[in-house]
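Below: one structure, written as structure tokens.
The values are calculated or read from the model by the stated rules, or taken from the named source; none is laboratory data. No experiment lies behind these values; they were computed from the predicted model shown. Here the Cβ positions follow ideal geometry from the backbone for every residue, glycine too, while neighbour counts run over all protein chains shown. Ligands, DNA and RNA are stripped out before the accessible areas are found, and what is left, the full protein with its side chains, is counted by its heavy atoms. Shrake-Rupley method; radii C 1.70, N 1.55, O 1.52, S 1.80 Å.
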Amino acid sequence: MNNKHTALRGLLWFICVYHVVLGLCANLPPSQVQAIAAALLGLQLPDNAALFQLLKPFGVYVMVFGVAMGIAAWNPVKNRALISLGVVLFALRLIQRLVDLDGVQQNLGVTSDRNWATIATVAVFTLLLAVLRWKLHREMHHNTAAASST
């Protein structure tokens, strides 16, 4: 593996590991899920068996997304469509969090400061991933144009 696209690969590996671990955590026993959600995400999850049953398949989806970002990190050029998928997912999560700002605070006990910090973090990840994906696109387009002119 060469050292090209180091920043993009690093970001994608971070996203991969975070989401795989988060997905695994969603499948732990409810008391552990509650403790992790409170410590890492600032969420106060209610004791509700149906909620924890819904978190399990959610965790699987989160893990699959993490694996997809790992595949993209392994070879960003070949798997650039997965990077675009990551940008779309982060952008939609950002919009979702902004639209449901009050609901997150009221229903999950997230403080306003923590909520805005999460929004800022998701915005930064969205922007970084989009910029690095755009740079990859430009580089590939430049290399294709240079190769066809020779």
Extended-chain gain in nm, criterion 0.36 nm per residue less alpha-carbon gap, LEU127 and LEU101: 7.4 nm
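Can you compute the charge dipole magnitude of region 100-146 about its Cα centre, using +1 on each Lys and Arg Cβ and -1 on each Asp and Glu Cβ, nothing else charged? Give it in debye, rounded to the nearest 20.
Numbers: 4 positive and 4 negative charges, 61 e Å.
Approximately 300 debye in magnitude.
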Pairing the Cα long axis of helix 112-148 with the longest principal axis of the chain, what angle in degrees results, from 0 to 90 and rounded to the nearest 10? 20
What lysines could a cross-link reach from LYS78, if we take a straight Cα to Cα line under 16 Å and drop same-chain neighbours fewer than 8 places away? LYS4, LYS135
Once you put a point 7 Å from the Cα of SER112 and another 7 Å from the Cα of ASN143, both along the Cβ direction, what distance in nm separates them? 4.9
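How many percent of the accessible area of the chain is carbon or sulfur, using a 1.4 Å probe?
Values: 6350 of 9300 Å².
Carbon and sulfur atoms account for 68 percent of the accessible area of the chain.
For region 17-117, what is the accessible area per residue in Å² when the probe is 1.4 Å? Mind showing how you got there, number by number?
Numbers: 6030 Å² over 101 residues.
Per residue, region 17-117 has an accessible area of 60 Å².
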Return one number: the angle in degrees, 0 to 90 and rounded to the nearest 10, between the long axis of the Cα atoms of helix 6-25 and the longest principal axis of the Cα atoms of the chain. 30
Cα convex hull volume per residue for the chain, in Å³, equals 110
